[in-house]
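The values are calculated or read from the model by the stated rules, or taken from the named source; none is laboratory data. Everything numeric here is computed off the predicted structure, so don't read it as measured data. A quick note on method: Cβ atoms are made from the backbone with ideal geometry, for glycine too, and the neighbour counts reach across all protein chains shown.
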Amino acid sequence: MKKLLALLFSFLLLSSTSVFADDISDFQIEGMSIGDSLLDFMTEDEILEEIELSKDNYHYLAEPKKYSEVYLYNSSSTYEAGLSFFVKRTPTSKYITNKNEKYIILSVRGMKNYVEDLKSCIQKRNEIVEELSMLFPNQQKTEGFFKHSADPSGKSIIDAVYFKFDSGDEIEISCDNYEETFRINKNWTEGLSVAIDSQEIISWLETK
């Protein structure tokens, strides 16, 4: 049985008592896992529209067009700021006829608003990290505090904690705090993110 990774009030709830898994695809956010087809949750037209809107989001990477980001809003009461996914950039090949082979999810993220409230975001993140630390006592845990690559001013930061699996996949719990003018110009929100990331996407995001 897959395990539900969902932020509920002040704790992290998993749907199985057997939580010591090594395969990141065993976990879900809002019923969505790495390896699922995004077509099970959105129409192809909706996916393509989101891909077009986010096509320049990762212009600063070495291969900015290799993967696409797709956002899904108004689908979660837990993650009211929305969900996001990474899928391969070229899933529309005419040679792919099986729906389950198209728009394969490589990362899924739930987002919760903490606009101009980094302190509360960090508090909530630490509560989740404490729960995960008990659930995964043998997994490598690391912390990261760094400037957001998308903001040339260097004033936007990410404060994150990562649980790394043997496969190289990760669970990430982070707080984004953008420089306010930058955030408003981008029409972005900010706050808490809970993500399941495949090693494939992690490697891509690290290649500047």
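Within the bounds of region 163-176, is there any residue that is modelled with pLDDT under 95, buried (at least 19 other Cβ atoms within 10 Å of the Cβ), touching a Gly at 6+ places or on another chain (Cβ under 6 Å) and β-branched (V, I, T)?
No, that holds for no residue.
Within region 185-204, which residues are over 20 Å from S68 (Cβ atoms) and within 13 Å of the chain's Cα centre (by Cα)?
Passing the criteria: G191, L192, V194.
How about region 176-208: which of its residues are β-branched (V, I, T) and within 12 Å of Y114 (Cβ to Cβ)?
Correct list: T189 only.
Could you list, ordered by first residue, the pairs with Cβ atoms under 6 Å in which the first is in region 27-44 and buried (at least 19 other Cβ atoms within 10 Å of the Cβ) and assigned to a loop (DSSP other than H, G, I, E, B) and the second is modelled with pLDDT of 90 or more and of a type in the set (G, A, S), at least 6 apart or interchain?
Short answer, once both residue conditions are applied: I34/S198.
In region 91-208, which strands (runs of 3 or more DSSP E) lie fully inside it and hold 2 or more residues that are in contact with a strand residue (DSSP E or B) (Cβ under 9 Å, 6 or more places away or on another chain), under 21 Å from S76 (Cβ atoms) and among the charged types (D, E, K, R)?
The strands (runs of 3 or more DSSP E) meeting that bar are 107-113, 170-177.
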